[in-house]
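The values are calculated or read from the model by the stated rules, or taken from the named source; none is laboratory data. Source: prediction; values computed, not measured. Here the Cβ positions follow ideal geometry from the backbone for every residue, glycine too, while neighbour counts run over all protein chains shown. For accessibility, only protein heavy atoms count, side chains too; no ligands or nucleic acids. Shrake-Rupley method; radii C 1.70, N 1.55, O 1.52, S 1.80 Å.
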Amino acid sequence: RFLAHEVHVPFEHQILFENEHFMVIDKPHFLTMSPTGQYVQETLLVRLKKQTGIEHLTPIHRLDRETAGVVLISKNVASRGLYQQLFATRQVQKTYHAIAGYREELRFPQIVRLRMDKGQPFYTMQVLEGEPNSETEITLLEQKDHLAKYELKPHTGKQHQLRVHLNFLGIPILNDPFYPSVAHKADNNFSAPLQLLAKHIQFIDPITQQLMQFSSEQVLTL
């Protein structure tokens, strides 16, 4: 379907790898994964369907619209479940890079464990008391003045997990429109992308049993 007015996203995806079962895409910032109320043609999935002519493409996992980097798309209906199961059972190692605030008193590497649940507004998450249900390993890569570049390895997959965990430490990710507070930007404002990148992904292929590793060609710089 087509919307009467849909803002064009002026950034392109890149196909890093493909075989008969899946494609590995380097997704740009600001590009929504799948059609929603606001975006249809300007989504990664619709762009890929147009590019490849394959109608049954399906995301195996997801990245937020604001997040860039490596994402897997299924090409094969028969094998799709095998790859989705890898993510569901946490057999995929994901590494992110982020640029966020720097606080001298924080010590890295460290593991953050928090209980997260839906917040207000409904599209945000909040930290609650109780048994942790989210875990991230955080390493400091480099630091410059009041900002730093971090390596993030999520051990769970809660919505907005990395953004919430860094904000909890008092070092919110640069240009985050939701944390610590919601700040709505115009849909056609592409001037300040969230500084979060899905940099690397690796897993054992369930069909070939080979180690598969893919890295985004995008770079976050301080």
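A few comments on the model shown:
- The heavy atoms of Tyr102 present about 70 square angstrom of accessible area, all protein chains included, probe 1.4 Å.
- Taking the empirical scaling 2.2 N^0.38 Å for compact globular proteins as reference, the range 72-147 has a Cα radius of gyration ratio of 1.50.
- Whole-Hz ³J(HN,Hα) from phi, Karplus 6.51 cos²θ - 1.76 cosθ + 1.60, for the range 118-124, glycine and proline x: 4, x, 10, x, 4, 8, 10
- Considering only Lys50, Lys153, Lys94, the Gaussian network model of the chain with Cα springs below 10 Å gives its largest mean-square fluctuation to Lys50.
- Loop-located GluC sites (Glu not before Pro) in the range 141-222 (DSSP state other than H, G, I, E, B) with a sparse environment of at most 10 neighbouring Cβ atoms within 10 Å: Glu217.
- Shown are Glu105, Glu135, Glu18, whose ranking by accessible area with a 1.4 Å probe and every protein chain present, most to least, is Glu105, Glu18, Glu135.
- Protein accessible area in the chain, 1.4 Å probe - carbon and sulfur %: 50
- Distance in nm between pseudo-label sites at Val219 and Tyr123 (7 Å out along the Cβ direction from Cα): 3.3
- Over the range 93-222 - Rg/Rh using Cα atoms and the Kirkwood inverse-distance radius: 0.99
- Gaussian network model of the chain, springs between alpha carbon atoms under 10 Å - residue of His97, His13, His184 with greatest fluctuation: His184
- As a length-normalised measure over Cα pairs under 8 Å and 6 or more apart, the relative contact order of the range 50-169 settles at 21 percent.
- Solvent-accessible area per residue for the chain (1.4 angstrom probe, square angstrom): 51
- Computed accessible area, His146, all protein chains, 1.4 angstrom probe, square angstrom: 130
- Choice from Gly37, Gly81, Gly130 with maximal GNM fluctuation in the chain (Cα, 10 Å cutoff): Gly37
- Calculated mean residue ellipticity, 222 nm, the chain: -3500 deg cm²/dmol, from DSSP H runs (n ≥ 4) at -39500 (n - 2.57) each, averaged per residue and rounded to 500.
- Across the range 76-88, coupling constants 3J(HN,Hα) worked out from phi with the 6.51/-1.76/1.60 Karplus curve, θ = phi - 60°, read 10, 4, 5, 9, 3, x, 4, 6, 4, 5, 4, 6, 4 Hz, and Gly and Pro carry x.
- Were the residues from Glu135 through Gln38 laid out at 0.36 nm apart, the gain over their Cα-Cα distance would be 31.8 nm.
- Relative contact order, percent, the chain [alpha-carbon distance under 8 Å, six or more residues apart]: 20
- Which of Arg62, Arg47 is most accessible, then next, and so on - probe 1.4 Å: Arg62, Arg47
- Reduced Cα scattering model of the chain, Debye log10 I(q)/I(0), q = 0.17, 0.18 Å⁻¹: -1.34, -1.46
- DSSP bridge pairs, the range 14-132: antiparallel proportion in percent, nearest 5: 95
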